[in-house]
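Every number here is computed from the coordinates shown, using simple stated rules; none is lab data. All figures in this text were calculated on a predicted structure; none of them were measured in a lab. Counting neighbours? That spans all protein chains shown, and the Cβs are built from the backbone with ideal geometry, glycine included.
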Amino acid sequence: MSVMVARRKVIRKWEKLPGRNTFCCDGRIMMARQKGIFYLTLFLILGTCALFFAFECRYLAVQLSPAIPVFAVVLFLFAMATLLRTSFSDPGVIPRALPDEAAFIEMEIGPTHLRLALESVSTAAAIGTAGSLGLHEATNGSVPQGQRPPPRIKNFQINNQIVKLKYCYTCKIFRPPRASHCSICDNCVERFDHHCPWVGNCVGKRNYRYFYLFILSLSLLTIYIFTFNIVYMALKSLKIGFLNTLKETPGTVLEVLICFFTLWSVVGLTGFHTFLVALNQTTNEDIKGSWTGKNRVQNPYSHGNIVKNCCEVLCGPLPPSVLDRRGILHQEESSAREESSARGPSMQKESSAQEPGTTQGLGAQEDSGSQKGRNSPTHHAAVPLPPLNSVKTPEETQPTVVEPPAQPGDDGQAEH
C-alpha cells in the first residue's frame with residue numbers, strides 16, 4: 001500500500017536574483033563573491049586587538065589607568081559592528097527591469113535608437129542592405145559584433161542643473177542620478193561610491209555612512225593601539241632596557257609594525273572621505289571629474305554648507321532596500337510515494353501467487369489474439385476480438401451447420 005505525500009518548497013527571491021552576490025542566513029546577509037580580502041581585514045583587526053588585550057592592557061591598567069582597556073574595547077566593538085554592517089547589508093542595489101518593463105523601455109526609446117542606427121550608415125548607396133540590417137538590429141536592441149551600442153541618455157534637471165541619466169544595457173533601466181553599474185558585483189547601485197574589497201561589498205547609498213564610521217573608528221583604534229604600544233615599550237625599557245624589551249615582547253613589536261604600515265593608508269582614506277562628505281560628493285564622481293572637469297559644472301547635490309552636507313550624508317533618513325530579498329517568489333510542490341509496512345507475510349504470498357497466473361492468462365490471450373489475426377482471411381489490425389460468451393465449445397457445435405467463413409465466431413471455433 002503506497003501513500004502520496006506532498007511537500008512544498010518555498011523559493012525566495014534572493015535565490016533567483018541576478019548578479020554576482022552571495023547570500024547567507026536565508027538572504028539576510030548579502031556580500032560580493034570575492035571575500036578573500038575581507039577575511040584578511042578581519043584577521044588583521046582581530047589578531048592585533050587580541051595581542052593588545054592579552055599583553056599590554058593588563059600592564060597599562062595597573063601602571064597607568066584601568067580606563068585604557070575599557071576605551072580600547074569600546075573602539076574595537078564599534079569598529080567591528082560598523083564593518084559587519086557595511087559588509088553584510090544591501091548597498092542600494094537597483095532591481096533589473098522585468099521583461100515587460102524592458103520591452104516598454106525599448107519601445108519608448110525605439111525612434112531615437114532607429115535614428116541613431118540610420119545615422120551610423122556610411123553612405124546612401126549602402127543603405128540598401130546595411131540600412132535594413134541596421135533597422136532590424138535597432139528594433140531588436142542588438143548591436144553588431146565589434147561595434148559599441150549607441151548612447152541612450154535622458155536629461156534630468158536637479159537644482160536648475162542638467163544631469164544625464166544613462167541607460168544600463170545589462171539591467172535594462174535608466175539609472176537614477178549618481179547611480180552606476182559595478183562590474184564586480186554586476187549590479188546597478190544607487191549613489192554608487194566604489195567597490196571596496198576590504199569590506200567585501202559595494203559602498204553605496206544604504207551603507208556609505210557605516211563605511212565612513214568604520215574607517216573613522218578603525219583610524220582611532222589604530223592610533224590608540226600604536227600609541228599605547230610605544231608607551232608600553234618605553235615603560236618596559238626604563239626597567240630592563242630597550243634591547244631586553246624587544247627580546248621579551250615580540251608580540252608588541254609585531255603590533256607596532258602592523259599599526260605603523262596600516263596607519264597611513266587608513267588615516268589617509270578617512271581624510272579623503274571626510275573631504276568628500278563635506279562636499280556631498282562620491283568617489284566615483286571625484287575620479288570621473290563630474291563636477292571639476294573642463295565644463296566647471298557645479299555640484300547640484302551640494303548645499304554649499306559643510307554642516308548641511310555632513311548631516312545629509314551621515315544623518316539623513318536611510319532608504320529601505322528595494323530588493324525584497326526574503327520575499328516569496330513561488331512554491332514548488334513535490335510528491336513522494338511512501339510504502340507502508342502493514343502488509344503481512346500471508347498477503348505477500350497471495351499476491352505473489354496471483355501475479356504469475358495473471359501474467360500467464362494475459363499472455364495466453366495475447367497469443368490467441370495474434371494467431372486469430374494471422375489466420376483470419378479478412379483480418380485487419382483494428383478488428384476487435386469477439387466476446388468470450390460468443391465463442392462456442394466443440395460439444396455445442398452442430399456438424400451439419402456450416403457457418404460463413406467471414407463470421408468472427410468461425411475464427412474463434414477454428415482456433416479451438
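Rounded, prolate or oblate: which fits region 190-238, taking a ≥ b ≥ c as square roots of the Cα gyration tensor eigenvalues, rounded meaning a/c under 1.5, else prolate when a/b beats b/c? Verdict is prolate for region 190-238. Looking at the P(r) of region 249-317, how many percent of alpha-carbon pairs lie beyond 14 Å? So the pairs more than 14 Å apart make up 69 percent of the total in region 249-317. Pairs with C-alpha atoms separated by more than 24 Å, drawn from the list 35/205; 13/164; 13/154; 16/172; 164/288, are 13/164; 13/154. Close amide H contacts of residue 187 (hydrogens built in the peptide plane, cut-off under 5 Å, sequence separation of 5 or more or a different chain): 182. Here the 3J(HN,Hα) profile of region 41-51, calculated from phi with Karplus coefficients 6.51, -1.76 and 1.60 at θ = phi - 60°, is 4, 4, 5, 5, 5, 5, x, 5, 5, 5, 5 Hz, Gly and Pro shown as x.
Here the Karplus relation 6.51 cos²θ - 1.76 cosθ + 1.60, evaluated at θ = phi - 60°, turns the backbone of region 231-248 into coupling constants of 5, 4, 5, 5, 5, 5, 5, 5, 9, 10, x, 6, 5, 5, 5, 5, 6, 7 Hz, with x for every Gly and Pro. Out of residues 5 or more away from residue 192 or on other chains, whose amide H comes under 5 Å of its own, with H placed 1.01 Å from N in the peptide plane? Here the answer is 179, 180, since their amide H atoms fall under 5 Å of that of residue 192. Across region 91-104, rounded Karplus estimates of 3J(HN,Hα) from the backbone phi angles (6.51 cos²θ - 1.76 cosθ + 1.60, θ = phi - 60°) give x, x, 5, 8, x, 6, 5, 6, x, 5, 5, 5, 5, 5 Hz, Gly and Pro being marked x. Near the amide H of residue 29, within less than 5 Å, lie the amide hydrogens of 24, all on another chain or at least 5 residues away, with H placed in the peptide plane.
Does region 156-240 classify as rounded, prolate or oblate by the C-alpha gyration tensor (a ≥ b ≥ c root eigenvalues; a/c under 1.5 gives rounded; else a/b over b/c gives prolate, otherwise oblate)? Cα axes put region 156-240 in the prolate bin. Charge tally for residue 56 (other residues, Cβ to Cβ under 11 Å; Lys, Arg +1; Asp, Glu -1): +1. The calculated FRET efficiency for residue 297 paired with residue 328, based on their beta-carbon distance and R0 = 41 Å, is about 0.35. Taking 0.36 nm per residue of separation and subtracting the Cα-Cα distance, full extension of the segment from residue 102 to residue 13 would add 30.1 nm.
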